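The values are calculated or read from the model by the stated rules, or taken from the named source; none is laboratory data. A quick note: this is a predicted structure, and the numbers were derived from the prediction, not measured. In this analysis, Cβ positions are derived from the backbone assuming ideal geometry, glycine residues included, and neighbour counts consider all displayed protein chains.
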Amino acid sequence: MTANELETSIRYNIPVIALVFNNQSYGTIRMHQEKVYPERVMATDLGHISFVELAKSLGADGKQVRSAAGFSQALEWALAQKKSVVIEIMTDVEQISPRATITDIRQKS
């Protein structure tokens, strides 16, 4: 989901729950760079972007979580809302995908 789609869901009163896994990087691009050029990545780091604040600026609401317990609470909250919401899940950039870490990728290269 993009910011434009989130704004559209607000404008047309279509409640959507968007999950954003925020590792402060372009993770997929970095993963491919690490496979081909280990430890020589370029332009994949992001600064601090608050997707909760972005959601609020578009008229949605949001919660940021850092743990499984926090996610459970945020999901319960989101399901009770009558409008679109964003749950921003903070993740470690080292865990580049559900099945691999950056270290794993470098070792296989």
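Hey, among Glu34, Glu88, which residue is surrounded by 14 or more Cβ atoms within 10 Å (Cβ to Cβ), touching a helix residue (DSSP H, G or I) at 6+ places or on another chain (Cβ under 6 Å), assigned to a helix (DSSP H, G or I) and among the charged types (D, E, K, R)? I'd like the intermediate steps shown before the answer.
Values: Glu88 fails: assigned to a helix (DSSP H, G or I).
Checking each option against the conditions leaves just Glu34.
Just to be sure, is Ala55 in a strand (DSSP E or B), surrounded by 17 or more Cβ atoms within 10 Å (Cβ to Cβ) and at pLDDT 95 or above? Please lay out each step first, then the result.
On the way: in a strand (DSSP E or B): no; surrounded by 17 or more Cβ atoms within 10 Å (Cβ to Cβ): yes; at pLDDT 95 or above: yes.
No: the conditions fail for Ala55.
When you check Arg40 against the structure, is it over 23 Å from Val86 (Cα atoms), touching a residue at least 12 places away in the same chain (Cβ under 8 Å) and either touching a helix residue (DSSP H, G or I) at 6+ places or on another chain (Cβ under 9 Å) or surrounded by 13 or more Cβ atoms within 10 Å (Cβ to Cβ) (or both), yes or no? For Arg40, the condition - over 23 Å from Val86 (Cα atoms), touching a residue at least 12 places away in the same chain (Cβ under 8 Å) and either touching a helix residue (DSSP H, G or I) at 6+ places or on another chain (Cβ under 9 Å) or surrounded by 13 or more Cβ atoms within 10 Å (Cβ to Cβ) (or both) - is not met. The residues in region 5-28 that are modelled with pLDDT of 95 or more, out of contact with any Lys or Arg (no Cβ under 7 Å at 6 or more places or on another chain) and assigned to a helix (DSSP H, G or I) can be counted, and the count is 6.
For region 83-104, how many residues meet the condition of being polar (S, T, N, Q) and either within 13 Å of Phe21 (Cβ to Cβ) or at pLDDT 95 or above (or both)?
Residues of region 83-104 that are polar (S, T, N, Q), as a first pass: 84, 91, 95, 97, 101, 103.
Next cut, either within 13 Å of Phe21 (Cβ to Cβ) or at pLDDT 95 or above (or both) only: 84, 91, 95, 97.
Selection size over region 83-104: 4.
For region 43-57, filtered to residues that are of a type in the set (D, E, K, R) and out of contact with any helix residue (DSSP H, G or I) (no Cβ under 9 Å at 6 or more places or on another chain), the residue that is nearest to Ile96 (Cα to Cα) is Glu53.
Selection over region 58-82 of residues that are outside any strand (DSSP E or B) and either touching a Phe, Trp or Tyr at 6+ places or on another chain (Cβ under 8 Å) or more than 19 Å from Asn23 (Cα to Cα) (or both) gives a count of 13.
Selection of first residues in region 43-63 that are farther than 14 Å from Leu6 by Cβ and of second residues that are among the aromatic types (Phe, Trp, Tyr) and part of a loop (DSSP other than H, G, I, E, B), restricted to Cβ pairs under 9 Å at least 6 apart or on distinct chains, gives the following pairs, ordered by first then second residue: Ala43/Tyr26; Thr44/Tyr26; Asp45/Tyr26; Leu46/Tyr26.
Residue pairs whose Cβ atoms lie under 6 Å apart, separated by 6 or more positions or on different chains, with the first residue in region 86-106 and in contact (Cβ under 8 Å) with a residue 12 or more places away in the chain and the second part of a loop (DSSP other than H, G, I, E, B) and among the polar types (S, T, N, Q), are Thr91/Asn23; Val93/Asn23; Gln95/Thr101.
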